[in-house]
Structure formats: C-alpha cells, structure tokens
Amino acid sequence: MPRQPAIGPLAQSAMADLALILRGTPSTARSAAPSRRAPAGPAALLEVWIRQQSQHVRPKQRQVLAALAVAAGDRLAASSAPVEVWRPDVPRDAASAELLRGRLVAAYLNDDPPTFDALVDAWASWHPDARGEVLRDLIRVIGPL
C-alpha cells in the first residue's frame, strides 16, 4: 500500500467542499460560495473552488493537490489489474497538466515519496492558471461533473 501524504485540517475542509460540489450539494462553507455575479451551479462552483486552490501556493494547496493525486491513484488502482510498476497513463501528445497528473498518480502508486514531493514542488512553481489545469485534470479522473 503506498504511503499517503499528510493532509491537514484546512486541506480536508477544502476537499470536503469539493466533495459537496461534485455531489451537487450546495456547500455552506464560505470558501466555495460564488460571488453574486457568478452563475450558481456545480460547474461554476467547481471553477471557483479550482481558482481558489490554484491562486496561492501554501501548505494547504500542496496538500489538496496531494489528496487529489491519491484519490485519482486509488480510483485507477481499483479499476485496473494489479501491476508491479505504474506508468503515467497519458498519451504522447498530452498537455503539461495531463502529464503532471499522470506522473503524480504513478509516483503515488509506485510508493515513491521523493518523486511525488518533487512533482508537487514543480506544480507549485507553475503559473496559477496552469496549476488550475492540473487540479481540473485530477478532478476529471476522480469525479467528472
């Protein structure tokens, strides 16, 4: 069983907000509430959540990325035949976000903490829009709208 990275209470709260959004249940948390001008709906709430998580690089956002990678890896492992070494499940012409997602998931499933941590650090150095694309890609794997 791969080592799961530590997820603090703020990241757990953000993940709970995401779970509510993906289930279509309105969240009472301030962090997922759309502005008065934004359309209210699961897709709009998801975009607000992604924007909030990708704007800053703090421990909470790093932990959210790690939690999403773990969830995607667990979903992939549950739906696949067991293998000894996981490879990124992305096509050769994949976008950077897809490639990073594939490598993060493979590093988690291969129980390779140094590589996993280095990939989280690489994500943290990206532009907020690019970080958001990685989060969006991971969310597509775990619970598409």
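The values are calculated or read from the model by the stated rules, or taken from the named source; none is laboratory data. All values derive from a computational prediction rather than experimental measurement. Every residue, glycine as well, gets a Cβ built from its backbone with ideal geometry; the counts of neighbours run over all protein chains shown. Heads up: the accessible areas ignore ligands, DNA and RNA and are worked out on the full protein's heavy atoms, side chains in. Shrake-Rupley method; radii C 1.70, N 1.55, O 1.52, S 1.80 Å.
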Correct choice for Cα extents along the principal axes in Å that was computed from the model, options (i) 40, 33, 28; (ii) 46, 45, 31; (iii) 49, 33, 30: (iii)
Expected 222 nm ellipticity per residue - DSSP helices of 4 or more, -39500 (n - 2.57), all of the chain, to 500: -20500 deg cm²/dmol
Proximal charge balance of A118 [Cβ under 13 Å; K/R count +1, D/E count -1]: -1
With every protein chain in place, the chain: carbon and sulfur % of accessible area (1.4 Å): 54
Degrees between helix 9-23 axis and first principal axis of the chain (Cα, 0 to 90, nearest 10): 80
Protection proxy ranking of 47-56, 89-98, 123-132 - average other beta-carbon atoms within 10 Å, highest first: 47-56, 123-132, 89-98
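With a 1.4 Å probe and every protein chain left in place, work out the accessible area per residue of the chain in Å², rounded to a whole number.
Normalised by residue count, the accessible surface of the chain is 57 Å².
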Cα extents of the range 47-132 along the three principal axes, largest first (Å): 36, 27, 22
